[in-house]
Amino acid sequence: MTDAPVLQIRNLSKAFGPVKALSGVQLELRRGEVHALCGENGAGKSTLMNMIGGVLQPDEGEILIDGQPVTVTSPATAQKLGIALVHQEIALCQDATVAENICMAAINARRAPLMNYGEVYAQAEKAMKQLAPIPVRTKVADLSISSQQLVEIAKALTLDCKVLILDEPTAALTETEAQRLFSIVRDLKVRGISVIYISHRMAEIFSLCDRVTVFRDGRYVATEAIASTSPDDVVRKMVGREITQLYPDKLASDAASGRTLLSVNDLSDGSRFANVDLDLKAGEILGIGGLIGAGRSEIAQTICGLRQASSGSVALDGKPLTIRSYADAVQAGLVYLSEDRKGSGVFLDLSIAANVSALDLGKLTGRFGLLDRRAEADQAASLAKRLGVRMAGIDAPVSTLSGGNQQKVAIAKQLSVSPKVIIMDEPTRGIDVGAKVEIHRLLRDLANQGVGIIVISSELPELIGLCDRVLVVREGAIAGELGAGQLDEEAIIMLASGVQPTPAHQGQVNHV
Amino acid sequence: ETANPFKCQPGEKYVMNVMVSGVEYWFPVYEMFKQAGQQFGCETAYTGTPEYDVNKQIASFDQALAQKPAGILVHPMNSDPFIEPINRAIEQGTAVVTFAADSPNSKRVSYITSDNVAEGTYAADAVAESMGGKGEYAVLENPGQDNHDKRVAAFVARMEAKWPDMKLVGRAASNQDPTKAYQAVLSLAQAHPDLGAVFMPEANSAIGAAQAAKEGGGKIKVMLADVNAKILDMIKAGEIFGSVNPNQGMQGYMGFMLLWLAKHPELIDPMNDAKRAGTNAMKVPFVDNGFSIVTKDNADDFYWDKYLKRRGTKGIEE
Amino acid sequence: MHADIKATGPSRSSFARLASMREAGLIVIILALCIAMSFASPHFLTWGNFRAMLMSFSIEGIVVVGMTILLIVGGIDLSVGSVVCFSMVVSGALFLMGLDPWTASLIGIAVSALIGAVMGFFVTVVGLNHFITSLAAMVIVRGLCLVITKGTPLSLFTLPPEFKAIGQGSFQGIPYVIIIFVVVVAIFDFLLRRATAFRKVFYTGSNEKAAQFSGIKTNQVKFWVTVLCATLSGVAGVIYMARFGAATPTFGAGMELNIIAAAVIGGASLKGGSGTIFGAILGIALLSVVTSSLILLDISVYWQDMIKGCILLAAVSADHFLHAKKS
Amino acid sequence: MHADIKATGPSRSSFARLASMREAGLIVIILALCIAMSFASPHFLTWGNFRAMLMSFSIEGIVVVGMTILLIVGGIDLSVGSVVCFSMVVSGALFLMGLDPWTASLIGIAVSALIGAVMGFFVTVVGLNHFITSLAAMVIVRGLCLVITKGTPLSLFTLPPEFKAIGQGSFQGIPYVIIIFVVVVAIFDFLLRRATAFRKVFYTGSNEKAAQFSGIKTNQVKFWVTVLCATLSGVAGVIYMARFGAATPTFGAGMELNIIAAAVIGGASLKGGSGTIFGAILGIALLSVVTSSLILLDISVYWQDMIKGCILLAAVSADHFLHAKKS
Ligand SMILES: Nc1ncnc2c1ncn2[C@@H]1O[C@H](COP(=O)(O)OP(=O)(O)OP(=O)(O)O)[C@@H](O)[C@H]1O
Ligand SMILES: Nc1ncnc2c1ncn2[C@@H]1O[C@H](COP(=O)(O)OP(=O)(O)OP(=O)(O)O)[C@@H](O)[C@H]1O
Ligand SMILES: [Mg+2]
Ligand SMILES: [Mg+2]
């Protein structure tokens, strides 16, 4: 590795109007290394990647490939330079098939006047198979968000590149898929391909990467070899302070006998899942785990009336709940945070303040049905502060926020109301370590005030660290329940995948 | 000056106002309006809106009015909406005469037009006679446009009254669209193989209708009102049976005269109570400017461009 | 960025606020046109001319209000011209049958609302899109006008003067029509920016799914906005009737394009989620000033359309640049 | 679900494929109408009548092809009627100036393409949206037609018969117009499904950003599709000229709504990303069958609009249900 770095960034700056997203940052990527890029939400990671990928143009500074300065004017140029970018935000053509999406760059470059669908399917199949068995002839619109994320990755894998940029690829993935991705990345590395890997999950970074670069507030902080640093050290560099306690204290075991807040009986939707029973006590944080496509989101959405149930019943606070639409659920005090931030979580074109207040406008409505804009602004400002949203102001459209900050806005929206039960689907997807701690503490505070909380998460440490109890869903049915004392990664994975538990675990699992 | 009272004061201006101002029907009207104006030493102007929109026409009328002209010769797209603007014009001393369409409840001085009923009636007679008083016919319509509706109604009424063996087999709305007219005539011809004639009250539809008739073997006689170069060519070629064309030029010339007199009532002193009562002595409620029957023989005289060339003027652009 | 949803801190001066508005560019362009015109024609800067221009778009302006709100929710209504006409025709026919004109007008507005409700039903319950639903409604309602009038204009010469005054009278020299227009615009502009109910219109239009996931009954929102647009068309129809003293079955044909264009010039998007009433009104004012100017300048009719289109394109491009500069 | 995007395995019978197509519902509805009509009128099921119906929409069908592709890319073109007219008028005027009709027509088509290019420029370089750009173009181009013709129809009576044959002649009893129409539709339907270049149209319309990320120059795609739509309008204009032997400056006014409606009925979305040529052609066929049927049944003109609108609404609703059932 004596030759010039494959990719080098020198003194690069970028501003969006008054917002300085990056000032004078640098980065060096060696041949065949996996280089982690860390930083809080809004630190400028994606912005930098977008400039390398030709989506944005830098205001100042240089990008060098193999020692040669280049200007990356468009994504097409980036591809020619051998740069492949998996965007943080899913950008797929919803009306086209998985295969066409995966092979889109090839189709674009194709000289022959007519399509060769056979070839497209075969190639897509090959790329997809490495990651997950998603049928390549389905329309992307019919896939869940996590499957779309996999398609997005597969798309980059078909490119013949020397630099692969992965911007939070695992944010929506479960352990299984993530592991598969890691083995692919290690493969690429062996073949001399360099990878920039962005993630907020320290464990991944430390198991996968060679070096790590940290950004803070749009500035370069440091680059370290993984071998010579520690997660705590990286977090300290990122946040600028020590984070002592990653997860809040759990529910004291004597309080666990609180009244049942939400009880779901024999719920089925007629297609994705069947016969789901579930109880949630006041003050409890219940986790739901499972593999991609297990049907967790569908169960949660059906409970809330966002999907049609075919049979079964839901009772809230002892009273049977008749929900015709989600609005009824909100009225009754049952709210749901979507896993699809862009599709159904936020209003990209509207201001942060308007986003935060969307769930309960009644609270902000004064006389004559008019909106109290001062109250709206105050509410947004205080929640944004609490969650550490990095923004130009609460009037800025959500589209100008970084991915993690958009997620914080979506969460702020849920927290702005005072529900009895909150169901959160992948709540901390894309959120940095510091903010995650804050969100977890908020959730625990709410639970302590008697709110029931359900957290669906693909991140096992989160399930284990945050939840009092975890249900594992497999193929549309609840495969088992793990109590506070039984929570560990292996147990969850085994229930989720259906692999027979080893005798050592047998005693810990209560089959439902 | 006293020698010739028929002279305008400097700055005395007469305006013509129409809707869909870009179409050629109005041009011969203005041509004679302008000529009369020049002979009187007056300024004239052609105004209106290119759109088929009464609201916009009223706006252009109001704007013309804001310049305080001596008189306006107006074709009110709809009659009643013009009552208020016309009355306002009269109040401010601008004379108003309507042409080709009227606003009878307004205080306009006169109305000059060809007789739509007579046009329809004549067209019916001509068609029926040529078919020996026996056969099937259809009409294309433009429902809602008053003068067109009158022509069609008169055509049908005449057939029923005078030609009992002429059978009306279909009515379709072509709304002045040649493609719609084309489709309508093709469909009518399918449903009624013996269809012998089709009448429409305007020229746009006729282009499509004539083409359809031609494709149908040329046994359908196309009769219409109004003309344009294409229609005239087809008449000459025998592809269109004939047309009744209002005498537009006379609408313009007489329209001007009526306006001028309304503005200068002091020139006349008819035997009535106007002088004593102090009302406008110029009152001719209705003038019929007549119409022409355009056939192979006289079609050449109706080409607008030839007419312009013969006269050596620039049409509406002066 | 939407001025309407954006909270403006008390610290900013009202001038800065004005300059930062989405509409600032349009205002500048209209003013520039007016100044140029006042040099070109001595008749331009007269109350008579302004009155004519204002009168020519103020009733349409009421329809523009409804259309803008509908565009914000992500819908569109091609039937507005037909509904305006229908309201005229129904009220007129009822009046001729002996009803007093006020009751007749209320019924006219009510049936317009009903048409909106039927369209809303097809959009929200059946699941058709606004474009095709309102296209069918446009044809059907126009047909109803023809059926009711038998194709001939209803002459409402006998309307009592106090009713006609709505369309023809004036208060202290200012026509009632203009007063009504200003009031309607002011109310809806205010409501759209401030009322909770209208905020939901923005949510629904911006991201329908996210709105549903925020507990908003988006179908209800779309339904009522569709009804509102048709109702305002009905109101416009009644005012037109009072102004013209007639009900013509072909009235308002082709009006929809002009109205949608006004809203789009004013910043509304066909994709939903954005638009302001004030902007849309500036849009229709721009169209009207351009038309009037050409007439006033005595431009040859052959050239009017062409010049009008070019000015429109130039104005929209200029607005686009002025707007892009800021953000 | 779009038949064109969905790959159909070789195992499926062609009947199953037909039934699963997006267009199956429309075909059923059109067939049902035809069957009903053949009972109602003995003249309906004749070659003459079918020929008449085909003739009536086949030239417009060529414009529908262009519009559908433009809708797929997320655009819209309100100027098609004006461009059709412009192509007629330019070719006609050049012919009258002494050019041979073939060269004149080529120039007519070329200037239509040029108008498309200008619109494409405003959309891609200036950054205006298709709606407002094409609206301005509609007005400007109509104005140009007036300027060229001085408001009077050009009579092209002297067009040589071999040129007129394009619009009026036939080969073995099948009119050339229909042959041209079928060929154009077949070519573009095939290309849209199979050609690499046209797939980019779908991608751009479906998610412009995603397409850009894959290296597709979406502005180029949008530009060329805009040009294509205008060019096909130009072709239609020339054929109309050959059929009618005239160039009327008001020709094609209002045509755009009919054309867009056809495409939308056939499954195209105003939001881009979906639509098929075949569907759009079925859409215009449906509109045409309804119109012809009303004339054949000798329905009163006053009722025609209303009935036509109701049938349209019913057909679209039925199609929606048939389609929703499947997915
Ligand atoms: N289009 C834009 N307009 C204005 N500001 C922007 C825009 N895009 C990004 N920003 C700002 O630039 C900063 C950096 O954003 P970026 O997306 O690079 O963050 P990030 O490090 O990727 O964060 P995350 O971990 O949340 O993805 C943020 O403060 C963001 O608000
Ligand atoms: N709109 C849809 N149409 C058809 N199938 C869908 C749709 N949305 C999701 N699916 C499928 O349903 C399955 C379950 O998705 P879901 O999102 O509920 O899974 P999950 O257990 O929540 O997992 P994760 O959220 O991690 O993806 C997936 O296999 C997905 O392909
Ligand atoms: Mg990011
Ligand atoms: Mg999920």
Restricting the range A:194-217 to residues that are open to solvent by 20 Å² or more (accessible area, probe 1.4 Å) and out of contact with any His (no Cβ under 6 Å at 6 or more places or on another chain), the residue that is nearest to A:Ala294 (Cα to Cα): A:Arg201
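Table: residues versus (1) hydrophobic (A, V, I, L, M, F, W, C); (2) over 24 Å from D:Lys209 (Cα atoms); (3) within 16 Å of ligand 4 (Cβ to nearest atom).
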residue	(1), (2), (3)
A:Gln8	no, yes, no
A:Leu12	yes, yes, no
A:Ala21	yes, no, no
A:Met51	yes, no, no
Which of the residues spanning the range B:209-239 are acidic (Asp, Glu) and facing another protein chain (nearest Cβ under 10 Å)? B:Glu215, B:Asp233, B:Glu239
Hey, D:Ser79 hydroxyl-bearing (Ser, Thr, Tyr) and under 13 Å from D:Ser134 (Cβ atoms) or not: yes
Scan the range C:79-103 for residues that are open to solvent by 10 Å² or more (accessible area, probe 1.4 Å) and outside any helix (DSSP H, G or I) and jot them down. C:Met97, C:Gly98, C:Leu99, C:Asp100
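For A:Asp187, are the conditions met, namely being touching an Asp or Glu at 6+ places or on another chain (Cβ under 9 Å) and surrounded by fewer than 17 Cβ atoms within 10 Å (Cβ to Cβ)?
no
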Can you tell me which of (1) within 25 Å of A:Ile193 (Cα to Cα); (2) open to solvent by 20 Å² or more (accessible area, probe 1.4 Å); (3) under 27 Å from the mean Cα position of the chain (by Cα); (4) more than 16 Å from ligand 3 (Cβ to nearest atom) is the one A:Leu29 doesn't meet? (2)
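Buried (at least 20 other Cβ atoms within 10 Å of the Cβ), modelled with pLDDT under 90 and within 16 Å of ligand 2 (Cβ to nearest atom): does that describe A:Arg341? Please lay out each step first, then the result.
Values: buried (at least 20 other Cβ atoms within 10 Å of the Cβ): yes; modelled with pLDDT under 90: yes; within 16 Å of ligand 2 (Cβ to nearest atom): yes.
For A:Arg341, the condition - buried (at least 20 other Cβ atoms within 10 Å of the Cβ), modelled with pLDDT under 90 and within 16 Å of ligand 2 (Cβ to nearest atom) - is met.
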Selection from the range A:459-470 of residues that are open to solvent by less than 10 Å² (accessible area, probe 1.4 Å) and more than 25 Å from A:Glu89 (Cα to Cα): A:Leu466, A:Cys467, A:Val470
Looking at A:Gly61, A:Gly54, A:Gly67 in this structure, which one is more than 16 Å from ligand 2 (Cβ to nearest atom), surrounded by 23 or more Cβ atoms within 10 Å (Cβ to Cβ), in the same structural domain as A:Tyr197 (by TED's automatic domain parsing) and touching a residue at least 12 places away in the same chain (Cβ under 8 Å)? A:Gly54
Of the conditions (1) within 16 Å of ligand 2 (Cβ to nearest atom); (2) out of contact with any Pro (no Cβ under 9 Å at 6 or more places or on another chain), the single one that A:Lys250 does not satisfy is (1)
Residue that is most open to solvent (accessible area, probe 1.4 Å) [pool: residues in the range A:278-313 that are free of Cβ contacts under 8 Å to residues at least 60 places away in the same chain and on the phi > 0 side of the Ramachandran plot]: A:Gly312
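Listed here are the residues, each with its yes/no results for (1) part of a strand (DSSP E or B); (2) open to solvent by 10 Å² or more (accessible area, probe 1.4 Å); (3) at the interface with another protein chain (Cβ under 8 Å from one of its Cβ atoms).
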{"site": "B:Asn4", "(1), (2), (3)": "no, yes, no"}
{"site": "B:Gln35", "(1), (2), (3)": "no, yes, no"}
{"site": "B:Asn55", "(1), (2), (3)": "no, no, yes"}
{"site": "B:Lys68", "(1), (2), (3)": "no, yes, no"}
{"site": "B:Ile72", "(1), (2), (3)": "yes, no, no"}
{"site": "B:Asn78", "(1), (2), (3)": "no, yes, yes"}
{"site": "B:Pro81", "(1), (2), (3)": "no, no, yes"}
{"site": "B:Glu84", "(1), (2), (3)": "no, yes, yes"}
Looking for something in the same structural domain as A:Ile423 (by TED's automatic domain parsing), open to solvent by less than 50 Å² (accessible area, probe 1.4 Å) and within 16 Å of ligand 4 (Cβ to nearest atom) - is there at least one such residue anywhere in the range A:258-274? yes
Determine, yes or no, whether A:Gln331 is in contact with a strand residue (DSSP E or B) (Cβ under 7 Å, 6 or more places away or on another chain), within 30 Å of C:Gly273 (Cα to Cα) and part of a helix (DSSP H, G or I). no
Might you let me know whether the range A:422-434 holds any residue that is within 16 Å of ligand 2 (Cβ to nearest atom), touching a Cys at 6+ places or on another chain (Cβ under 9 Å), under 21 Å from A:Ile303 (Cβ atoms) and outside the structural domain of A:Ala21 (by TED's automatic domain parsing)? yes
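Out of C:Val118, C:Val139, C:Val123, C:Val147, I need the residue that is within 10 Å of chain D (Cβ to nearest Cβ), in contact with a Lys or Arg (Cβ under 8 Å, 6 or more places away or on another chain) and of a type in the set (A, V, I, L, M, F, W, C). Which one?
Checking each option against the conditions leaves just C:Val139.
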Take C:Val221 and decide whether it is touching a residue at least 60 places away in the same chain (Cβ under 8 Å) and under 18 Å from C:Val80 (Cβ atoms). no
Against the definition (away from ligand 4 (no atom under 16 Å from the Cβ) and open to solvent by 30 Å² or more (accessible area, probe 1.4 Å)), how does A:Pro169 come out, yes or no? no
If you check A:Ala392 against the conditions, is it near ligand 1 (Cβ under 8 Å from one of its atoms) and aliphatic (A, V, I, L, M)? yes
Taking the criterion of being β-branched (Val, Ile, Thr), free of Cβ contacts under 8 Å to residues at least 40 places away in the same chain, touching a helix residue (DSSP H, G or I) at 6+ places or on another chain (Cβ under 8 Å) and farther than 25 Å from A:Ala203 by Cα, would at least one residue in the range A:18-37 satisfy it? no
Check A:Ile288, A:Ile299 and return the single one that is within 26 Å of A:Gln149 (Cα to Cα), part of a strand (DSSP E or B) and within 16 Å of ligand 2 (Cβ to nearest atom). A:Ile288
From the list C:Ala253, C:Ala236, which residue is surrounded by fewer than 24 Cβ atoms within 10 Å (Cβ to Cβ) and either in contact with a Pro (Cβ under 7 Å, 6 or more places away or on another chain) or within 30 Å of C:Lys150 (Cβ to Cβ) (or both)? C:Ala253
Test for A:Ser199: is it more than 16 Å from ligand 1 (Cβ to nearest atom) and either away from chain D (no Cβ under 14 Å) or in contact with a strand residue (DSSP E or B) (Cβ under 9 Å, 6 or more places away or on another chain) (or both): no
Test: residue in the range D:217-232 that is facing another protein chain (nearest Cβ under 8 Å) and open to solvent by less than 40 Å² (accessible area, probe 1.4 Å): no
Residues that are of a type outside the set (A, V, I, L, M, F, W, C) and more than 14 Å from chain D (Cβ to nearest Cβ): which strands (runs of 3 or more DSSP E) entirely in the range A:1-119 hold 3 or more of them? A:7-16, A:19-29, A:60-65
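The values are calculated or read from the model by the stated rules, or taken from the named source; none is laboratory data. All values reported here derive from a predicted model rather than from experimental measurement. We place every Cβ from the backbone using ideal geometry, glycine too, and count neighbours over all the protein chains shown. The accessibility values were calculated without ligands, DNA or RNA, using every heavy atom of the protein model including side chains. Shrake-Rupley method; radii C 1.70, N 1.55, O 1.52, S 1.80 Å.
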